[in-house]
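The block underneath contains the structure these notes are about, expressed in structure tokens.
The values are calculated or read from the model by the stated rules, or taken from the named source; none is laboratory data. Note that the structure is a prediction, hence the values are computed from the model and not measured. Using ideal geometry, Cβ is built from the backbone for each residue, glycine included, and neighbour counts are taken over all protein chains shown. Note: areas computed on protein heavy atoms with side chains; ligands, DNA, RNA excluded. Shrake-Rupley method; radii C 1.70, N 1.55, O 1.52, S 1.80 Å.
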Amino acid sequence: MKLHDLKPNAGKQKSRTRVGRGISAGKGKTAGRGQKGQGARAGGGMGLYHQGGNLPFFRRLPFKRGFNPPNRVVYNEINLDQLEAFAADSEVSPETLDEARLLRDIKKPVVVLGRGEIKAALKLRVHRVSKGAREKIEAAGGSVELIK
């Protein structure tokens, strides 16, 4: 079988109705448009979103306002209380956080935030650290290295 041998099943394709071709055709005179009115006129009819005088749906909704930055960076947020599972002197990086199932998306950068306390001295390698989190980590004897 070749491409030129292909054809649709019998009865699948129906020829379009030719309107305005006399009364015997069954779609003559008004050609299925009824009598008078906006729908009977050439070019008549309303736009896709017209709702008969109501404020259109897409104008009622409050979204799409203001400025949405196109290059916004969305981070994986990790808090200090989530790092309790790591042993002292262990290295915490995006890979180890992903193994511990603490990241939503490995492709996104990691930020460490300061909620909770930390007792173990950890070596963190992350993309960003909040000021309070850095102070708590260094107070516990840990270190922070930023990844570019």
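For the reader, a short list of remarks on this structure follows.
- Residues in the range 128-148 that are among the small types (Gly, Ala, Ser), over 31 Å from the mean Cα position of the chain (by Cα) and over 13 Å from LEU83 (Cα atoms): 4 in all.
- Considering ARG134, ARG104, ARG125, the condition of being part of a loop (DSSP other than H, G, I, E, B) and at negative phi is satisfied by ARG104 alone.
- Whenever a residue of the range 56-75 is at positive phi, it has no partner that is open to solvent by 100 Å² or more (accessible area, probe 1.4 Å) and part of a helix (DSSP H, G or I) lying with C-beta atoms less than 6 angstrom away and at least six residues away or across chains.
- Contact annotation: residue pairs with Cβ atoms under 7 Å, 6 or more positions apart or on different chains, pairing a residue in the range 34-46 that is farther than 22 Å from PRO56 by Cβ with a partner that is part of a helix (DSSP H, G or I) and not charged (D, E, K, R), are GLY34/ALA40.
- Test result for GLY11, at pLDDT below 90 and exposed (fewer than 10 other Cβ atoms within 10 Å of the Cβ): no
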